[in-house]
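The values are calculated or read from the model by the stated rules, or taken from the named source; none is laboratory data. These numbers come from a predicted model, not from an experiment. Cβ placement follows ideal geometry from the backbone for every residue including glycine, while neighbour counts extend to all protein chains displayed.
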């Protein structure tokens, strides 16, 4: 199996790791968002979904470990490639300007992946410590999942941080999705605009979808 | 005038029917056994089409090859700039083309000043070149059915030119370069980039090595070998403004000349008709646009001298399509020298257009009306873009303005049929030799010649040299290497220590202007005599008043250029002397004293149907002119006509 | 005659590969808008030589945009502000009187500076030796029309083959990645039937050499495509990736 290691440790191989794990994590994001949207259907449905999920004593840990693994691979490869990429230019430029046509944002998503990645990582840590490990507010342990979401998200500061995190995540996947297609070799003049539209839509759904929850909790369920 | 054949110039051309000569020659060439090949070292200087193809092919045979170039990579040699295409007598278009027709067109195009044997061989090999390049993955233009596409070029009535959009030279060179890179990987070839050849080392009368300057460290290095191939290109930058690369130079050839290689026909220079006109004092080079443009563009000037109306305001009746008028058969597709001279004649007569009146129109409006802008864009898009980038004018809307510029030099080191110079063991390939184009090269023939020499001729004839000559082992410790090294070193030292007031470029510019004015598209006895004196004066000033900053132990581009210009200042005189001695007009060499009543070239076959090759004697003595008579048995020696 | 310009140039000067470099500021006057950028530098150099200073070393040769020898990071952009243009074809009409222009060499670990603005790009040649060719000895070729090649493929191969090897893609990439350069050659030969026999080894060999030279990885920012003076498309990088995946799956090693 040395050829696998060889293949995935080359520059293109590492890109493939980023693309495959990234797309898989996007799949998780979609599922996670889908589940969370049940918040808007009603407390009963949401609680039911959460309980069903947590009752999976075998599958859930496997999924969690799998997710963790994907995430670690994505992260480690990102750090490694970033360090290598920086080493490829030991002396920087005095002046730098893009020759790309100007986009709608100050900096294109592709040029700030490492930055948005760090924000997403911090957001994720916060999110896990809030919802999974209940570190900031241990009292929520006894609440139903629906109430727990309400209580945790309605804090204005939390809401703001979560919204920022969601948009960073959206900006990250805006480049991530189309970049993954390119890395996997999917580039065809006929479909390129479709891929672009798909990743833009996905990024929008992720950013707006996830940031809607703290807004909802804050707006409608404040104490 | 001495007209007897010189014993020094034995062309070694086989006898018998012209079509059988190359086969006969090959049959007689000696071979080197496969296990002996690895014992031989071959040096190839220059990595353009001729050099790269020769180096790769010789290495494939099993020889150890060292390839040198002054650029940072062999891929950058100026062959890369050839745009239009490469000729081959494939007759894929079923227009009744044949090896014989390509042969006859090339002899005629060269105005009967090339060797029949060489030219026929070139025409024969043309078909193999295309096959070889296709096999290497050269992406030639193709038809929808997947077959190779062709177009027409000047001086021919058939479509035999293969092309890769406007970048044929680039694609062919990258093909040869890839073969070179493969041999480097195999390990029998090593490329030495950023090295400039400054001398050839001749031991016991045989070329056995070279002296080069490592352009990064400034160190002089010596390399020994059993054969030296010079593929160092042409000398058009003598004129300062030319379509050549800035680094192109005559130094390697000139050094070989000074070591005993004869220099043939230096006055045969080609002025290309379709270049972007000069537009300022500061200009460093001229840009050519492929003559394939003449397929669809019509050349004209106003009927009335000094007509300053903008071109779209001049109705057809007031235009003079002078090429179509004078040469109804070939029209805009006449040979290059004819088109260039006609442009100069019109401009000199006051009909020129643009600022200073030094250009003519090349008009695509009719083609755009006929075929649509999209079709013209597909054919010439990159050339139109290039024109627009440089001139800031839109050639789809206004006619292009063009003027001739120095482009190619048919003269070069004299070689026999084996491509060997008068120094045994020193082979000269491609534009650097003199052999195949006579007094004027046809379009799309330079690429053909460079690759024929490199892929298919030199590998056989160099093997013959190695097989037949008893070559003692020499190393760079040989005293002759030491001597050449010391001479090169002292020359460098001299250049660096003049410490005068003028820059190298200012001398080059002045020399170029002299050459263009007196030895350009038209030459006269009086002008040539005066320019020789002027060059001598300029050379004297150069060695007294040039300033070359920096040292010899570092990357010093000014020193590189100084050495090249110093050689041009000597070579320019030889060129003018050759032009003066050849008191006839032929091809690119136009002597005002020798013209027809229509201002076309008038050859003097009784006195000048020969190759003139110059032998160096000493710096303060005139060179000796030797003659190789030319015979024409297969293409009748007639006055060339494109009417 | 259009009016001339005066400019301030901030140029990287470095005596040799090991010495420390620095920016130095020069002024040039009477620059015509019709001059090319390199002709403007010629003027600067003539001025420096006359003043007893050392001229600025920069690589250049054909000056018609095809040899790939010229380089230069001009105001932070590879080959300057104009798209699909080499520095030698960039004209001063793209600048304004009084402008300050920062001129730097290509920056990448595999492109060490040799002097001033001259860098060593031989890493590209070394990548080529690892597969940028078709193994066909001289004299072995079948007739040029023996193998039909669809025009579409021939055209695409040609477009990839127009790469001039200047290194602008590396210079412009924030990761100093050579992926566009490598993809151009891999694509050209992958699109042609002549390239098929060595398809697997080619992509593996060239990518391995690219990595060992120390170029960075591709993060699909497309800066290379924007900086490429001949417009090589990142579509080629996708093809390179496909070729690499394919080679990994079907290759023997």
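Tell me whether the stretch B:245-265 contains one or more residues that are without any contact (Cβ under 8 Å) to a residue 24 or more places away in the chain and farther than 18 Å from residue B:440 by Cα. Looking through the stretch B:245-265, none of the residues is without any contact (Cβ under 8 Å) to a residue 24 or more places away in the chain and farther than 18 Å from residue B:440 by Cα. Scanning the stretch C:43-75 for residues that are more than 8 Å from every other protein chain (Cβ to nearest Cβ), in a loop (DSSP other than H, G, I, E, B) and without any contact (Cβ under 8 Å) to a residue 40 or more places away in the chain turns up just one, C:51. Being modelled with pLDDT under 95 and within 18 Å of residue A:165 (Cα to Cα) holds for only one residue in A:149, A:139, and it is A:149. Identify all residues within the stretch C:52-67 that are within 20 Å of residue B:242 (Cβ to Cβ) and touching a helix residue (DSSP H, G or I) at 6+ places or on another chain (Cβ under 7 Å); write none if there are none. Residues satisfying the conditions are C:60, C:61, C:62, C:63, C:64, C:65, C:66, C:67. Of the residues that sit in the stretch C:81-98 and are closer than 23 Å to residue B:78 by Cα and touching a strand residue (DSSP E or B) at 6+ places or on another chain (Cβ under 8 Å), which one is farthest from the other protein chains (Cβ to nearest Cβ)? Filtering first and then ranking leaves C:87.
Residue count for the stretch B:92-110, restricted to those that are surrounded by fewer than 24 Cβ atoms within 10 Å (Cβ to Cβ), in contact (Cβ under 8 Å) with a residue 24 or more places away in the chain and in a loop (DSSP other than H, G, I, E, B): 5. Could you list all residues from the stretch C:241-253 that are under 15 Å from residue C:183 (Cα atoms) and facing chain A (nearest Cβ under 7 Å)? Within the stretch C:241-253, C:241, C:242, C:244, C:245 qualify.
Taking the conditions (1) surrounded by 22 or more Cβ atoms within 10 Å (Cβ to Cβ); (2) in contact with a helix residue (DSSP H, G or I) (Cβ under 6 Å, 6 or more places away or on another chain); (3) at the interface with chain B (Cβ under 9 Å from one of its Cβ atoms) in turn, residue C:78 satisfies each one other than (3).
Condition test on residue A:188, is it within 20 Å of residue C:241 (Cα to Cα) and out of contact with any strand residue (DSSP E or B) (no Cβ under 6 Å at 6 or more places or on another chain)? When the stated conditions are applied, residue A:188 passes them.
Of the candidates A:152, A:184, the single residue that is more than 26 Å from residue A:40 (Cβ to Cβ) and either more than 18 Å from the chain's Cα centre (by Cα) or without any contact (Cβ under 8 Å) to a residue 12 or more places away in the chain (or both) is A:184.
One residue stands out in the stretch C:131-151 among those that are more than 7 Å from chain B (Cβ to nearest Cβ) and at pLDDT 95 or above: the one that is farthest from residue C:218 (Cα to Cα), namely C:146.
Screening the candidates C:184, C:178 for the property of being closer than 20 Å to residue C:230 by Cβ, within 11 Å of chain A (Cβ to nearest Cβ) and surrounded by 24 or more Cβ atoms within 10 Å (Cβ to Cβ) yields one hit, C:178. May I ask you to verify whether residue A:198 is modelled with pLDDT of 95 or more, assigned to a helix (DSSP H, G or I) and either more than 12 Å from every other protein chain (Cβ to nearest Cβ) or over 30 Å from residue A:14 (Cα atoms) (or both)? So residue A:198 passes the test. Scanning the stretch C:211-221 for residues that are touching a residue at least 60 places away in the same chain (Cβ under 8 Å) and either surrounded by fewer than 24 Cβ atoms within 10 Å (Cβ to Cβ) or more than 7 Å from chain A (Cβ to nearest Cβ) (or both) yields C:213, C:214. Among the residues of the stretch B:155-184, those identified as over 14 Å from residue B:67 (Cα atoms), outside any strand (DSSP E or B) and at the interface with another protein chain (Cβ under 9 Å from one of its Cβ atoms) are B:164, B:165, B:167, B:169, B:170, B:171, B:174, B:175. Among the residues of the stretch B:456-467, are any under 30 Å from residue B:85 (Cα atoms) and not in a helix (DSSP H, G or I)? No, there is no match, as no residue in the stretch B:456-467 is under 30 Å from residue B:85 (Cα atoms) and not in a helix (DSSP H, G or I). Every condition in (1) crowded, with 24+ Cβ neighbours inside 10 Å; (2) assigned to a helix (DSSP H, G or I) is met by residue C:246 except one, and the failing one is (1). State yes or no: is residue C:163 part of a loop (DSSP other than H, G, I, E, B) and within 24 Å of residue B:193 (Cβ to Cβ)? It is true that residue C:163 is part of a loop (DSSP other than H, G, I, E, B) and within 24 Å of residue B:193 (Cβ to Cβ). Of the residues contained in the stretch B:222-230, none is found to be part of a helix (DSSP H, G or I), at pLDDT 95 or above and either out of contact with any helix residue (DSSP H, G or I) (no Cβ under 9 Å at 6 or more places or on another chain) or more than 9 Å from every other protein chain (Cβ to nearest Cβ) (or both). Exactly one residue out of A:117, A:185 is in a loop (DSSP other than H, G, I, E, B), within 14 Å of chain C (Cβ to nearest Cβ) and farther than 20 Å from residue A:36 by Cα, and it is A:185.
Name every residue in the stretch B:418-438 that is within 13 Å of residue B:452 (Cβ to Cβ) and part of a loop (DSSP other than H, G, I, E, B), in order of residue number. Across the stretch B:418-438, the qualifying residues are B:419, B:429, B:435, B:436, B:437.
Can you spot a residue in the stretch C:23-31 that is within 26 Å of residue B:553 (Cα to Cα), within 11 Å of chain A (Cβ to nearest Cβ) and touching a strand residue (DSSP E or B) at 6+ places or on another chain (Cβ under 9 Å)? So far as the stretch C:23-31 goes, yes, one or more of its residues are within 26 Å of residue B:553 (Cα to Cα), within 11 Å of chain A (Cβ to nearest Cβ) and touching a strand residue (DSSP E or B) at 6+ places or on another chain (Cβ under 9 Å). Within the stretch C:99-123, if we keep just the residues that are at the interface with another protein chain (Cβ under 7 Å from one of its Cβ atoms) and in a strand (DSSP E or B), the residue that is farthest from residue C:33 (Cα to Cα) turns out to be C:114. The criterion of being assigned to a helix (DSSP H, G or I), closer than 30 Å to residue A:100 by Cβ, in the same structural domain as residue C:99 (by TED's automatic domain parsing) and in contact (Cβ under 8 Å) with a residue 40 or more places away in the chain holds for residue C:40. For residue C:155, the conditions (1) closer than 14 Å to residue B:140 by Cα; (2) in contact (Cβ under 8 Å) with a residue 24 or more places away in the chain; (3) part of a helix (DSSP H, G or I); (4) in contact with a strand residue (DSSP E or B) (Cβ under 9 Å, 6 or more places away or on another chain) all hold with the exception of (2).
Within the stretch B:472-485, the set of residues being surrounded by 12 or more Cβ atoms within 10 Å (Cβ to Cβ) and in a helix (DSSP H, G or I) comprises B:480, B:481, B:482, B:483, B:484, B:485. Would you tally the residues in the stretch B:1-23 being without any contact (Cβ under 8 Å) to a residue 40 or more places away in the chain and closer than 24 Å to residue B:264 by Cβ? Within the stretch B:1-23, residues that are without any contact (Cβ under 8 Å) to a residue 40 or more places away in the chain and closer than 24 Å to residue B:264 by Cβ number 2.
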